[in-house]
1. Give the residues of the stretch 149-167 that are part of a helix (DSSP H, G or I) and surrounded by 13 or more Cβ atoms within 10 Å (Cβ to Cβ), sorted by residue number.
2. Identify, please: which residue in the stretch 168-186 is free of Cβ contacts under 8 Å to residues at least 24 places away in the same chain and closer than 18 Å to F90 by Cβ and is, among those, surrounded by the most Cβ atoms within 10 Å (Cβ to Cβ)?
3. Of everything in the stretch 35-60, what is hydroxyl-bearing (S, T, Y), farther than 24 Å from R95 by Cβ and either touching a residue at least 60 places away in the same chain (Cβ under 8 Å) or in a helix (DSSP H, G or I) (or both)? Give them in sequence order.
4. Limited to the stretch 46-75, what total is found for residues that are within 19 Å of N27 (Cβ to Cβ), of a type in the set (S, T, Y) and under 19 Å from the mean Cα position of the chain (by Cα)?
5. It is to be established whether one or more residues within the stretch 93-116 are over 23 Å from V20 (Cβ atoms) and surrounded by 13 or more Cβ atoms within 10 Å (Cβ to Cβ).
6. For the stretch 141-189, which residues satisfy the criterion of being basic (K, R) and within 20 Å of K77 (Cα to Cα)?
7. Quick one: how many residues across the stretch 61-94 are in a helix (DSSP H, G or I), farther than 15 Å from S169 by Cβ and touching a helix residue (DSSP H, G or I) at 6+ places or on another chain (Cβ under 8 Å)?
8. Output the number of the condition that L156 fails; it satisfies all remaining conditions of (1) more than 16 Å from E93 (Cα to Cα); (2) under 16 Å from the mean Cα position of the chain (by Cα).
Amino acid sequence: MPPKVRITKKMVEDASFEVVRMQGHENLNARTISEHLGCSTQPVLYNFKTVDEIREAAYAIADAYHTEFIMPKETDKNPMLALGLNYVRFGHEERNLFRFLFQTNKFGGKNVDALIRDPNLAGILAVMAKGLGCGTEEAREMFLTFFCVAHGLASLLANNSMEYDEEQSRKMLENVFHGMIAARKGKLL
């Protein structure tokens, strides 16, 4: 009878996510994963041809975690503001994951328009369009502006370039949000 598999593919994927989360994507390799799992490197590489395949699996887990982290709650009065604040907080609380998701070569060759047309953004745009009483394209345009500000704040936090101040972040995002609303109503040129 063959020996029971002690280290599964799922365990390797989960461990790779944890290594990135705790130590940064620069430290993701078979050795750090095996140390996390308490095994040799052989079981780590058994289900994957390369560490790049493991990195892709970790990326998928990190992306799903990020999406869940930033999504507004049903009780949020302003879902777009909540989304932005959650995004900024993610940059602060999950620095390694933020850098892994948004500051590696994963998006190499993509422009911002391609990112905001990503099908995975449809749920966020639907929430925005409903909350703002506008169509999806208008919500997409407003999201781009809002995203650039929130992403800038989150990047500064993820790279230790500024200290996290939730109230200051809230004020900045509210100013952008209310400015977009005023512009939408034609009050600004």
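1. Selection gives V149, A150, H151, G152, L153, A154, S155, L156, L157, A158.
2. M172
3. T41, Y46 - these are the residues of the stretch 35-60 that are hydroxyl-bearing (S, T, Y), farther than 24 Å from R95 by Cβ and either touching a residue at least 60 places away in the same chain (Cβ under 8 Å) or in a helix (DSSP H, G or I) (or both).
4. 2
5. yes
6. Passing the criteria: R170, K171, R184.
7. Residues flagged as in a helix (DSSP H, G or I), farther than 15 Å from S169 by Cβ and touching a helix residue (DSSP H, G or I) at 6+ places or on another chain (Cβ under 8 Å) within the stretch 61-94 amount to 8.
8. (1)
Any read-out appearing in this document is the output of simple, stated calculations on the displayed coordinates, not a laboratory observation. Being a predicted model, the structure only gives us computed values, none of them experimental. All Cβ positions, glycine included, derive from the backbone under ideal geometry; neighbour counts span all protein chains shown.
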